[in-house]
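In what follows, a structure is listed as structure tokens, so that the remarks can point back to it.
The values are calculated or read from the model by the stated rules, or taken from the named source; none is laboratory data. Just so you know, these numbers come straight off a predicted model, no measurement behind them. In this analysis, Cβ positions are derived from the backbone assuming ideal geometry, glycine residues included, and neighbour counts consider all displayed protein chains.
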Amino acid sequence: MLRDVVDRLPIVPTLPQMAARLQPIALEDTVRYLVGLAVAPTCWLRTFDIGGPDVLTYRDLLRAISLIRKRSRWLVPVPGILTDLSTWFVVLLTQVDRQTARALFESMPHDLICRESTIQQILPGALMTVRESLASAERELTSWMPSTGSTA
């Protein structure tokens, strides 16, 4: 969703709640944890906080996406936009459905960071940084894009 917003808007409105902290985790690291836990029966009825090594804000994440996508974007604070209006805006601009967009906006005022790191003792290993994760996702995205060159 954030990639779509960065791709489509040269000026990105940011809400006050985008100052909340989050700890994004790479898809590759999430899959490694899920596979590792699936073969560890003693972990099946437990819950774990998972997150990458970086703690940042949504604004920081938008800036990081802009850098990886090589798009200069202005992030403009916009106070007082309602969740319904923000949801409608995102649904029009991205491929995210209304329920998912609304849930994201409702979670934004809350910090989304790990309170414990038990999973790292059970499944140790280096985690990708936000920059590494975004670069990996960008490579994956471009590998699936059709070539624009002519083959004739």
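Keeping to the range 123-134, report how many residues are over 15 Å from PRO24 (Cα atoms) and surrounded by fewer than 15 Cβ atoms within 10 Å (Cβ to Cβ).
The number of residues fulfilling the criteria is 2.
Could you tell me whether the range 67-88 includes any residue that is at pLDDT 90 or above, of a type in the set (Ser, Thr, Tyr) and either under 17 Å from the mean Cα position of the chain (by Cα) or part of a helix (DSSP H, G or I) (or both)?
Scanning the range 67-88, I find no residue that is at pLDDT 90 or above, of a type in the set (Ser, Thr, Tyr) and either under 17 Å from the mean Cα position of the chain (by Cα) or part of a helix (DSSP H, G or I) (or both), so the answer is no.
(1) farther than 30 Å from GLN121 by Cα; (2) modelled with pLDDT of 90 or more; (3) loosely packed, with under 14 Cβ neighbours inside 10 Å: which one isn't true of VAL91, the others all being true?
The one condition VAL91 does not meet is (3).
Only one of these conditions is not met by GLY51: (1) in a helix (DSSP H, G or I); (2) surrounded by 14 or more Cβ atoms within 10 Å (Cβ to Cβ). Which number is it?
Unmet condition: (1).
Report every pair of residues separated by at least 6 positions or lying on different chains whose Cβ atoms are under 9 Å apart, first residue within the range 21-36 and touching a residue at least 40 places away in the same chain (Cβ under 8 Å) and surrounded by fewer than 14 Cβ atoms within 10 Å (Cβ to Cβ), second among the polar types (S, T, N, Q) and in a strand (DSSP E or B).
From the range 21-36, the pairs are ARG21/THR57.
Condition first: farther than 19 Å from ALA20 by Cβ and surrounded by 11 or more Cβ atoms within 10 Å (Cβ to Cβ). Now tell me which residues in the range 98-122 satisfy that.
ARG98, SER117, THR118, ILE119, GLN120, ILE122 - these are the residues of the range 98-122 that are farther than 19 Å from ALA20 by Cβ and surrounded by 11 or more Cβ atoms within 10 Å (Cβ to Cβ).
Residues in the range 123-130: is at least one assigned to a helix (DSSP H, G or I) and either touching a Pro at 6+ places or on another chain (Cβ under 9 Å) or at pLDDT 90 or above (or both)?
Checked against the condition, which is being assigned to a helix (DSSP H, G or I) and either touching a Pro at 6+ places or on another chain (Cβ under 9 Å) or at pLDDT 90 or above (or both), the range 123-130 yields at least one hit.
Among residues belonging to the range 30-45 that are touching a helix residue (DSSP H, G or I) at 6+ places or on another chain (Cβ under 8 Å) and not hydrophobic (A, V, I, L, M, F, W, C), point out the one that is nearest to PRO109 (Cα to Cα).
TYR33
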